[in-house]
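Inspection log for the structure reproduced underneath, given as structure tokens.
The values are calculated or read from the model by the stated rules, or taken from the named source; none is laboratory data. Computed from a predicted model, the values in this text were never measured in an experiment. Backbone-built Cβ (ideal geometry, glycine too); neighbour counts: all protein chains shown. SASA here: full protein model, heavy atoms, side chains in, ligands and nucleic acids out. Shrake-Rupley method; radii C 1.70, N 1.55, O 1.52, S 1.80 Å.
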Amino acid sequence: MSLPPARDEDFHGQHRRPIGVDPQHLRVINDTALRSRLIMAGIAEGLQSPKGPQRIKSIIRLYPDFDAPRPTNKPRTIRAAAPPSHEPSRAAFGLPTVEELNALLNRIHQTEREVSQQLQGQLGNQIDRLKKQIAALDGDEFERAFRELEAAMKQRRELAGAIREEAFRRIDADGSFEPRRYLRLVSRERS
């Protein structure tokens, strides 16, 4: 683990960072003897190795469970690199499609409206009642009603965060709604 981590720019030619591999397990190694010993011991797999006078970095993938694939003596087939203008599929990175994201956002808005109606209904009635009372009160009764209204308004502001949390909880619990798996990509903060 004291070897420097491999960066994207360290990969050369047809070699690319493997998808789904912990970046901490990809390391640059300059000591060819140590590289060979790690590979033969099943601790590492060679991903990129310079041949001849090239100035590309030697990269290994570490296997903490000592279960690296064993090297074979058969020649490696070289895969053609994807054309530079072609980006990998977003789905390969676990990103939603536009349709999935729209479905998720629409579901969040709909669920927030439902939760808001449930949680804010009683509080809204109390605020409306207090607003009407304030217009007709004076003195100590006015002060009391005004403080109650302030407390109810503060409670309404705090309730906004609770509404979003409850909406996310309900959507996450709905196993039949596939786009829920992208909830982790959406901030729960209110803007």
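Table for the structure above
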item: Selection count, the stretch 10-31, where residues are assigned to a helix (DSSP H, G or I) and at pLDDT 85 or above; result: 3
item: Where Arg90 falls short, out of the listed (1) among the charged types (D, E, K, R); (2) surrounded by 11 or more Cβ atoms within 10 Å (Cβ to Cβ); (3) modelled with pLDDT of 85 or more; result: (3)
item: Conditions (1) charged (D, E, K, R); (2) assigned to a helix (DSSP H, G or I); (3) within 30 Å of Val21 (Cβ to Cβ); (4) open to solvent by 80 Å² or more (accessible area, probe 1.4 Å); number of the one not met by Arg180; result: (4)
item: In the stretch 113-141, the residues that are free of Cβ contacts under 8 Å to residues at least 40 places away in the same chain, surrounded by 14 or more Cβ atoms within 10 Å (Cβ to Cβ) and of a type in the set (S, T, N, Q); result: Gln126, Gln133
